[in-house]
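Note sheet for the following structure.
The values are calculated or read from the model by the stated rules, or taken from the named source; none is laboratory data. Just so you know, these numbers come straight off a predicted model, no measurement behind them. With ideal geometry, Cβ positions are generated from the backbone for all residues, glycine too; neighbour counts draw on all protein chains shown.
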Amino acid sequence: MSWIPQEQRVQSGLWRGETHMLQKEWFAAYRAFLAAARAAEGDDRELARGLAHAAAAGYKHLTGDGRGAACQLAHARRRLAPFMPRYREIDLEELLSGLP
């Protein structure tokens with residue numbers, strides 16, 4: 001168990017992931033969102049999982065896996081739909097629009 005409070009671990013993971021996504025650092029974003037998902041519960045966990053799928057879509061596109069990217073993006077959109085357009089001060093529309 002970490003000595004860092006759960007809420008702080010979740011918020012930190014989401015912030016780091018968002019920062020990496022905006023810089024198109026897909027793998028780093030994916031790892032940050034997974035860390036947030038592990039620390040989160042309920043809606044925050046679903047949000048972090050959806051964002052991890054979005055980052056995976058960017059990474060798959062980068063590696064030339066168009067089909068995998070489309071599949072991951074569909075998963076992301078499904079998981080993030082209840083939180084659109086904005087949740088926890090994260091502009092989800094902006095993040096998804098930055099995906100290839």
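List pairs: first residue in region 38-63 and under 20 Å from LEU22 (Cβ atoms), second residue assigned to a helix (DSSP H, G or I) and of a type in the set (Lys, Arg) anywhere in the structure, Cβ distance under 7 angstrom, at least six positions apart or on different chains.
ARG49/ARG79; GLY50/ARG79; HIS53/ARG79
Could you list, in sequence order, all residues of region 3-51 that are over 18 Å from ALA81 (Cα atoms), over 11 Å from the mean Cα position of the chain (by Cα) and small (Gly, Ala, Ser)?
SER12, ALA39, ALA40
Of the residues in region 19-51, how many are modelled with pLDDT under 95, of a type in the set (Asp, Glu) and either closer than 16 Å to PRO100 by Cα or in contact with a Lys or Arg (Cβ under 8 Å, 6 or more places away or on another chain) (or both)?
Qualifying residue count, region 19-51: 1.
Please return the ranges of helices (runs of 4 or more DSSP H) entirely within region 10-100 where 1 or more residues are buried (at least 22 other Cβ atoms within 10 Å of the Cβ) and in contact with a strand residue (DSSP E or B) (Cβ under 7 Å, 6 or more places away or on another chain).
42-62, 92-97
(1) touching a Phe, Trp or Tyr at 6+ places or on another chain (Cβ under 7 Å); (2) farther than 15 Å from GLU94 by Cα: which one isn't true of ARG16, the others all being true?
(1)
State whether the residues of region 57-64 include one that is modelled with pLDDT of 90 or more, more than 10 Å from the chain's Cα centre (by Cα), farther than 14 Å from TRP26 by Cα and of a type in the set (Phe, Trp, Tyr).
No, there is no match, as no residue in region 57-64 is modelled with pLDDT of 90 or more, more than 10 Å from the chain's Cα centre (by Cα), farther than 14 Å from TRP26 by Cα and of a type in the set (Phe, Trp, Tyr).
In region 64-74, how many are among the aliphatic types (A, V, I, L, M) and free of Cβ contacts under 8 Å to residues at least 12 places away in the same chain?
Of the residues in that region, 1 qualify.
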